[in-house]
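**Q** I'd like to ask you about the structure that follows.
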Amino acid sequence: MSPAAAPRSREGPDRRREVPDNRLAELRERLGLQSVPDELLELAFRHTSYTRENGLDELASNQRLEYLGDAVLDLVFATYLYATYPDLPEGDLTRLKAALVRKSALAAIARDLGLGDYLLLGHGEETSGGRDKASLLADLVEALVGAVFLSGGYEDAHSFVLGHFESLLEDVTNRDTLSDHKSALQEMLQARGKMPPTYVVVRTEGPPHDRRFTVEAVFRGQVIGRGDGGSKRVAEQEAAAQALDGADEWLP
């Protein structure tokens, strides 16, 4: 099977197209996806809840494209940061890249591009607000990047990301805001009238000159994030970042 071919359903090759041609045409024109075949573009938007509900094979969902797109995004962002910030050491570049690939950051891109409207979801996900869930939208962005990569190679994927992720990449220049996950988490909760989480050191390891701390972010008695670092501050930031990524699961 060629990379551009979507897996066939158990119902056979004559299964109707799941995304109307006119919507695909609009999306392709708006995002410059002319090189991506219809079947591959549809595959990028097919969530596992849809394939399960419709009796399709596991390979008929966008999970494999998501896996590929995740790796492509890592390379695109790493290359961009390396070229843009020649004065930054490896540790700072790594933190910036981690902020760029956060689920909340990728979900914001999906919302900017209106990608949620094209998601193929099962009834349960549809009725529970799946079209706006950060985790689903982030996975969709990765799957779409994977589809662009399969269709046009790294250069097309690189151009697509730099062309449509401009707002996210511009935020990198504000390094303090980008890396301050604790403030971002607190602001998100305060906007909903809720108290910020507490941060609890659950483990300390290593000699005094090389301590490692493990911190949990706790919200209403529930652990919503965990982080490790050479200082409590770094570990708290990692715990807050994990909490932001998983907000769909714990935030009422």
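The values are calculated or read from the model by the stated rules, or taken from the named source; none is laboratory data. Please read all numbers here as calculations on a predicted model, not as lab measurements. We place every Cβ from the backbone using ideal geometry, glycine too, and count neighbours over all the protein chains shown.
**Q** Just the residues that are in contact (Cβ under 8 Å) with a residue 40 or more places away in the chain and in contact with a strand residue (DSSP E or B) (Cβ under 9 Å, 6 or more places away or on another chain), please, taken from region 192-224.
**A** First, the residues of region 192-224 that are in contact (Cβ under 8 Å) with a residue 40 or more places away in the chain: 192, 197, 199.
Those that are in contact (Cβ under 8 Å) with a residue 40 or more places away in the chain and in contact with a strand residue (DSSP E or B) (Cβ under 9 Å, 6 or more places away or on another chain): Pro197, Tyr199.
**Q** Next question, about the same structure. Name, by its number, the condition in (1) surrounded by fewer than 16 Cβ atoms within 10 Å (Cβ to Cβ); (2) at pLDDT 90 or above; (3) among the charged types (D, E, K, R) that does not hold for Glu187.
**A** Exception for Glu187: condition (2).
**Q** Return only the number of the condition from (1) under 30 Å from Tyr85 (Cβ atoms); (2) part of a helix (DSSP H, G or I) that Arg131 does not satisfy.
**A** All conditions are met except number (1).
Okay, residues lined up against (1) farther than 16 Å from Pro196 by Cβ; (2) outside any strand (DSSP E or B); (3) aromatic (Phe, Trp, Tyr); (4) modelled with pLDDT under 95:
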| position | (1), (2), (3), (4) |
| --- | --- |
| Val215 | no, no, no, no |
| Val218 | no, no, no, no |
| Asp228 | yes, no, no, yes |
| Ala235 | yes, yes, no, yes |
| Ala240 | no, yes, no, yes |
| Leu244 | no, yes, no, yes |
| Asp248 | yes, yes, no, yes |
| Pro252 | no, yes, no, yes |
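**Q** Here is a check on your reading of the model: is Gly246 crowded, with 20+ Cβ neighbours inside 10 Å, within 19 Å of Ala138 (Cβ to Cβ) and not β-branched (Val, Ile, Thr)?
**A** It is false that Gly246 is crowded, with 20+ Cβ neighbours inside 10 Å, within 19 Å of Ala138 (Cβ to Cβ) and not β-branched (Val, Ile, Thr).
Okay, residues lined up against (1) without any contact (Cβ under 8 Å) to a residue 24 or more places away in the chain; (2) under 18 Å from Ser61 (Cβ atoms); (3) not small (Gly, Ala, Ser):
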| site | (1), (2), (3) |
| --- | --- |
| Gly114 | yes, no, no |
| Arg131 | yes, yes, yes |
| Gly146 | no, yes, no |
| Leu150 | no, yes, yes |
| Glu155 | yes, no, yes |
| Gly163 | no, no, no |
| Leu169 | no, no, yes |
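**Q** If you don't mind, another one. Please state which of the following conditions Val161 fails to meet, knowing it meets all the rest: (1) within 22 Å of Ala105 (Cα to Cα); (2) of a type in the set (Val, Ile, Thr); (3) in a strand (DSSP E or B).
**A** (3)
**Q** While we're here: I'd like the residue in region 86-106 that is touching a residue at least 12 places away in the same chain (Cβ under 8 Å) and not in a helix (DSSP H, G or I) and, out of all such residues, is farthest from His164 (Cα to Cα).
**A** Arg102
**Q** Restricting the search to region 15-29, which residues are at pLDDT 85 or above and of a type outside the set (A, V, I, L, M, F, W, C)?
**A** Glu26, Arg28, Glu29
**Q** Then there's this: Of the conditions (1) among the hydrophobic types (A, V, I, L, M, F, W, C); (2) under 18 Å from Ala147 (Cβ atoms); (3) in contact with a Phe, Trp or Tyr (Cβ under 9 Å, 6 or more places away or on another chain), Leu100 satisfies every one except a single condition; which number is it?
**A** It is condition (2) that Leu100 fails.
**Q** Then there's this: If the requirement is being modelled with pLDDT of 95 or more, touching a strand residue (DSSP E or B) at 6+ places or on another chain (Cβ under 9 Å), within 28 Å of Leu73 (Cα to Cα) and surrounded by 14 or more Cβ atoms within 10 Å (Cβ to Cβ), which of these qualifies: Ala157, Ala143?
**A** Ala143
**Q** In this structure, is Gly116 under 22 Å from the mean Cα position of the chain (by Cα) and loosely packed, with under 12 Cβ neighbours inside 10 Å?
**A** Taking the combined requirement at face value, the residue does not satisfy it.
To keep it simple, each residue is scored yes or no on (1) in contact with a Lys or Arg (Cβ under 8 Å, 6 or more places away or on another chain); (2) farther than 20 Å from Glu142 by Cβ; (3) assigned by TED's automatic domain parsing to the domain that holds Ser128; (4) modelled with pLDDT of 90 or more.
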| site | (1), (2), (3), (4) |
| --- | --- |
| Ala44 | no, no, yes, yes |
| His47 | no, no, yes, yes |
| Leu93 | no, yes, yes, no |
| Ala99 | no, no, yes, no |
| Ala105 | no, no, yes, no |
| Arg111 | no, no, yes, yes |
